[in-house]
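The next block holds one structure in the form of structure tokens; read it before the comments.
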Amino acid sequence: MKDYKDLYIVRHGKSTSDYGDISDIDRPLKDRGINDSYTMAQRFLNNHKIPDKIISSPAIRALHSATIFARTFDLPHNKIIIDDGIYMAEIKFMIDFIKNTENNVKSLMIFGHNPTFTDLANFFLDNNIGNLPTTGIVGIKFRIDKWSEIDRIKPVESFFDFPKNIH
């Protein structure tokens, strides 16, 4: 009998570009991005199990979002793995990245950027989400034993949630 793997694709919170003299990778979250990250982390926690592994882009806005989620999950910040490859990644890189996840990891949460994260979600989903908004989460459940099988099978369940989604 096949096991299940859960993938959570999270776009970073709303960021600012008010600082014209800093590089893109160093752009911080706006207050709204911080507040939305706490809201979405709590909403996730109310409805789902804490992920086994959290990986973030090194961009400040993604890492800050991941830190807020980890704090809400009561996980130490050193449980967040930073991977430089996620920043500016193409969809093929992200699929290969996920396929290389250790098989003892049952649930993986990744924090990163558009347009890649919207494309990644749409790659797996039957119903196109159009756009993954800031602090949006796409959760996808697969009936697989190995992450390497993730691109060869349709999901058994999925959800799409974002800050302005009224429950």
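The values are calculated or read from the model by the stated rules, or taken from the named source; none is laboratory data. Note that the coordinates shown come from a computational prediction; the quantities given were computed from them, not determined experimentally. Cβ: placed from backbone, ideal geometry, glycine included. Neighbour counts: every protein chain shown.
Can you work out which of the residues in the stretch 142-151 that are in a loop (DSSP other than H, G, I, E, B) and exposed (fewer than 15 other Cβ atoms within 10 Å of the Cβ) is farthest from the chain's Cα centre (by Cα)? Please lay out each step first, then the result.
Within the stretch 142-151, the subset in a loop (DSSP other than H, G, I, E, B) is 144-146.
Applying the additional criterion that residues be exposed (fewer than 15 other Cβ atoms within 10 Å of the Cβ) yields 145-146.
Values: Asp145: 21, Lys146: 19 Å.
Selected residue: Asp145.
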statement: Of the residues in the stretch 152-167 that are surrounded by 15 or more Cβ atoms within 10 Å (Cβ to Cβ) and free of Cβ contacts under 8 Å to residues at least 60 places away in the same chain, the one that is farthest from the chain's Cα centre (by Cα) is Pro155
task: Please verify whether the stretch 68-78 includes one or more residues that are touching a Pro at 6+ places or on another chain (Cβ under 7 Å), aromatic (Phe, Trp, Tyr) and either buried (at least 18 other Cβ atoms within 10 Å of the Cβ) or modelled with pLDDT of 95 or more (or both).
output: no
query: Within the stretch 97-141, restricting attention to residues that are among the hydrophobic types (A, V, I, L, M, F, W, C) and part of a loop (DSSP other than H, G, I, E, B), which residue is nearest to Lys49 (Cα to Cα)?
result: Val105
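To keep it simple, each residue is scored yes or no on (1) in a helix (DSSP H, G or I); (2) free of Cβ contacts under 8 Å to residues at least 40 places away in the same chain; (3) of a type in the set (Phe, Trp, Tyr).
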position: Ser17; (1), (2), (3): no, yes, no
position: Lys49; (1), (2), (3): no, no, no
position: Leu63; (1), (2), (3): yes, no, no
position: Ala66; (1), (2), (3): yes, no, no
position: Gly85; (1), (2), (3): yes, yes, no
position: Lys92; (1), (2), (3): yes, yes, no
position: Ile95; (1), (2), (3): yes, no, no
- prompt: When you look at Thr101, is it out of contact with any Gly (no Cβ under 8 Å at 6 or more places or on another chain), surrounded by 14 or more Cβ atoms within 10 Å (Cβ to Cβ) and over 14 Å from Leu7 (Cα atoms), yes or no?
  reply: no
query: Of everything in the stretch 5-32 that's exposed (fewer than 14 other Cβ atoms within 10 Å of the Cβ) and among the small types (Gly, Ala, Ser), which residue is farthest from Gly139 (Cα to Cα)?
result: Gly20
task: Go through Ile60, Ile82 for me and flag whichever is within 14 Å of the chain's Cα centre (by Cα) and either more than 20 Å from Phe123 (Cβ to Cβ) or hydrophobic (A, V, I, L, M, F, W, C) (or both).
output: Ile82
